[in-house]
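Student: Attaching a single structure in structure tokens format; questions to follow.
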Amino acid sequence: MKEQGRFSKTFLWGAATAAYQVEGAPLADGAGASIWQRFAHTPGRTAHGDTGDTACDHYNRWREDIAIMRELGLNAYRFSISWSRIFPEGKGRINEKGLDHYERLIDALLAAGIEPLVTLYHWDLPAALDDLGGWLNRDIAGWFADYGAALFKRYDGRVKKWTTINEPWVVADGGYLHGALAPGHSNLYEAPIASHNLLRAHGETVKAYRAEGRNEIGLVVNLEPKYPHSKDHADLAATARADAYMNRQYLDPIFFGEYPEEMHEIFGNAWPDWPASDFDLIRQKIDFLGINYYTRGVTRHEPNAWPVQAASARQPGATYTETGWEMYPQGFVDTLLWVTDRYGRQPIFVTENGAAFFDPPKAIDGRVPDPLRIHYLNEHIKAVREAINQGADVRGYMAWSLLDNLEWSLGYSKRFGVVHVDFDTLTRTPKDSARYFAKIIETNGAALDEPLFEVLEGYGETLS
Ligand code: BGC
């Protein structure tokens, strides 16, 4: 294979987690409940009734986890702060113990030479705010900005890269349209309102950051390129709708100050006319974009698919992950170049990329062989390199996830970590993919060009 060069010396190599998925102890030290605490404790909402009560116990074991990050050579760690640990009622009274907790984490990361990338919102809305309508209440833009301001005041400078919201599309689609995620609503009329308030809250918080902060702020979107299943007019139109819904719904307002025209067609009369002044708020300049990439969609027209009328067609011969997502690294190249082309060349951090494959519940002799994940990382990090070679300004790559964790409503049944977690003992074991990732980091990408069979054979030999 052709050697395509190394990544820049300042490239960030990290892994990501989210508070409710890894922390456990959701009510410790005066924290308020979040909507995920409520949702997971509602019978029937998560697989096997799994909750984040213990999760990976990262709330208590973060020192051990930082030691693992060091061992792997990571120079960045993306994590989220739990809003209701800081504001137990969502607004008003600050819980100092919550601020202290994340301060210790941030300082320890810095002492270990690991740059913290902090996400303000990774889906765990304070339950007290949900009682006031949550993302459906226009006031949430101010509540979120106040929460952000408290964090900026305390940590900015030590934290140099902030993101407001993780994947607004998933929050609105999973939480308000299809109901698979907290708060579990399924309502055509609510989803556009939630989306719009997520964007307003993002804008208001970027404004607050300009007053309080001196470094960089952006947001994180999950992008999934849509390719038509056929050249049929109906399939092409369905592809455009699916693309607008998932990829342009948030980025167009942020960069262009307007929604894609397909939104009306998708939501019909459930799509409101928004006040023009909202777009001045939404269209704040951001310093970088965080992109989460997992898969692509091959789209065909499906009249019964509600409400986008588009469905994904399975591809013969393709590899699918345990979550049923096609492994398609070329889509990653296409996505990074599409963003660069459509919204202008700007700093990008890959804030999540990874895969759930079947890994055993227990490590065997201290080892977890995960060749499929090694293959996935190899192909996708090469895709990032390819996109950089073709002009995208990608400055960092965070694997999803550092640890096996609570995969939301799928519970602990899907393992995304490069580090295995035994959920009986909470023992951490770096998987072979973590060792491989460490090698990529150590060689700044050069290891990507080693033939994979030699890599895998190498791990095999360490056994004998
Ligand atoms: C989310 C993560 C999630 C991952 C895998 C992303 O949508 O940000 O929290 O675990 O995908 O589903």
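The values are calculated or read from the model by the stated rules, or taken from the named source; none is laboratory data. Remember, predicted model here, so these are calculated numbers, not experimental data. Here the Cβ is made from the backbone with ideal geometry for all residues, glycine too, and neighbour counts use every protein chain on show. Ligands, DNA and RNA are excluded from the accessible area calculation, which covers all protein heavy atoms including side chains. Shrake-Rupley method; radii C 1.70, N 1.55, O 1.52, S 1.80 Å.
Student: Are any of the residues in the range 389-406 more than 26 Å from C56 (Cα to Cα) and assigned to a helix (DSSP H, G or I)?
Tutor: Residues of the range 389-406 more than 26 Å from C56 (Cα to Cα): 389-395.
Narrowing the set further to residues that are assigned to a helix (DSSP H, G or I) leaves 389.
Yes, there is a match, as at least one residue in the range 389-406 is more than 26 Å from C56 (Cα to Cα) and assigned to a helix (DSSP H, G or I).
Student: Here is a further query. Any idea how many residues of the range 136-154 are open to solvent by less than 10 Å² (accessible area, probe 1.4 Å) and either in a strand (DSSP E or B) or out of contact with any helix residue (DSSP H, G or I) (no Cβ under 6 Å at 6 or more places or on another chain) (or both)?
Tutor: 1
Student: Would you say A238 is among the hydrophobic types (A, V, I, L, M, F, W, C), open to solvent by 30 Å² or more (accessible area, probe 1.4 Å) and touching a Lys or Arg at 6+ places or on another chain (Cβ under 9 Å)? Full working, then the answer.
Tutor: Values: among the hydrophobic types (A, V, I, L, M, F, W, C): yes; open to solvent by 30 Å² or more (accessible area, probe 1.4 Å): no; touching a Lys or Arg at 6+ places or on another chain (Cβ under 9 Å): yes.
Against the criterion (among the hydrophobic types (A, V, I, L, M, F, W, C), open to solvent by 30 Å² or more (accessible area, probe 1.4 Å) and touching a Lys or Arg at 6+ places or on another chain (Cβ under 9 Å)), A238 does not qualify.
Student: Any idea which residue in the range 423-451 is farthest from the chain's Cα centre (by Cα), counting only those that are among the aromatic types (F, W, Y) and not in a loop (DSSP other than H, G, I, E, B)?
Tutor: Among those residues, the one meeting the criterion is Y436.
Student: Against the conditions (1) open to solvent by 10 Å² or more (accessible area, probe 1.4 Å); (2) within 16 Å of the ligand (Cβ to nearest atom); (3) in contact with a helix residue (DSSP H, G or I) (Cβ under 7 Å, 6 or more places away or on another chain); (4) assigned to a helix (DSSP H, G or I), where does V170 fall short? Just the number, please.
Tutor: Result: V170 passes all but (3).
Student: Give just the number: which of (1) more than 22 Å from the chain's Cα centre (by Cα); (2) without any contact (Cβ under 8 Å) to a residue 40 or more places away in the chain does H185 not satisfy?
Tutor: (1)
Student: Could you tell me which numbered condition I193 fails, if it satisfies all but one of (1) part of a helix (DSSP H, G or I); (2) within 16 Å of the ligand (Cβ to nearest atom); (3) of a type outside the set (G, A, S); (4) touching a Leu at 6+ places or on another chain (Cβ under 9 Å)?
Tutor: The single condition I193 does not satisfy is (2).
Student: Kindly list, by first and then second residue, each pair from a residue in the range 364-388 that is within 17 Å of I441 (Cα to Cα) to a residue that is at pLDDT below 95 and not in a helix (DSSP H, G or I), limited to pairs with Cβ atoms under 6 Å and residues at least 6 apart or on different chains.
Tutor: R385/Q4
Student: If you don't mind, another one. For the range 1-50, give me each residue that is modelled with pLDDT of 95 or more, surrounded by fewer than 24 Cβ atoms within 10 Å (Cβ to Cβ) and of a type in the set (D, E).
Tutor: D29, D50
Student: Please go through the range 407-420 and give me each residue that is within 11 Å of the ligand (Cβ to nearest atom) and outside any loop (DSSP other than H, G, I, E, B), ordered by number.
Tutor: W408, S409, L410
Student: So which residues in the range 367-393 are surrounded by 20 or more Cβ atoms within 10 Å (Cβ to Cβ) and closer than 21 Å to E216 by Cβ?
Tutor: Scanning the range 367-393 gives V384, A387, I388, A392.
Student: Still on this structure: Please work out which residue is most open to solvent (accessible area, probe 1.4 Å), limiting yourself to the range 269-321 and to residues that are of a type in the set (F, W, Y) and within 30 Å of D232 (Cβ to Cβ). Reasoning before the result, please.
Tutor: Filtering the range 269-321 down to residues of a type in the set (F, W, Y) leaves 271, 274, 279, 288, 293-294, 306, 320.
Pick out the ones that are also within 30 Å of D232 (Cβ to Cβ) and you get 271, 293-294, 306, 320.
Details: W271: 18, Y293: 0, Y294: 31, W306: 117, Y320: 49 Å².
Here the answer is W306.
Student: What about I364, is it open to solvent by less than 40 Å² (accessible area, probe 1.4 Å) and either modelled with pLDDT under 95 or away from the ligand (no atom under 16 Å from the Cβ) (or both)?
Tutor: Considered against the rule, which asks whether it is open to solvent by less than 40 Å² (accessible area, probe 1.4 Å) and either modelled with pLDDT under 95 or away from the ligand (no atom under 16 Å from the Cβ) (or both), I364 comes out as no.
Student: Return yes or no: is G90 open to solvent by less than 10 Å² (accessible area, probe 1.4 Å), out of contact with any Phe, Trp or Tyr (no Cβ under 7 Å at 6 or more places or on another chain) and on the phi > 0 side of the Ramachandran plot?
Tutor: No: the conditions fail for G90.
Student: Output the number of residues of the range 67-87 satisfying the condition of being surrounded by fewer than 19 Cβ atoms within 10 Å (Cβ to Cβ) and touching a strand residue (DSSP E or B) at 6+ places or on another chain (Cβ under 8 Å).
Tutor: Matching residues across the range 67-87 total 3.
Student: Is the range 252-267 home to any residue that is in contact with a strand residue (DSSP E or B) (Cβ under 6 Å, 6 or more places away or on another chain) and touching a residue at least 24 places away in the same chain (Cβ under 8 Å)?
Tutor: Among the residues of the range 252-267, not one is in contact with a strand residue (DSSP E or B) (Cβ under 6 Å, 6 or more places away or on another chain) and touching a residue at least 24 places away in the same chain (Cβ under 8 Å), which makes the answer no.
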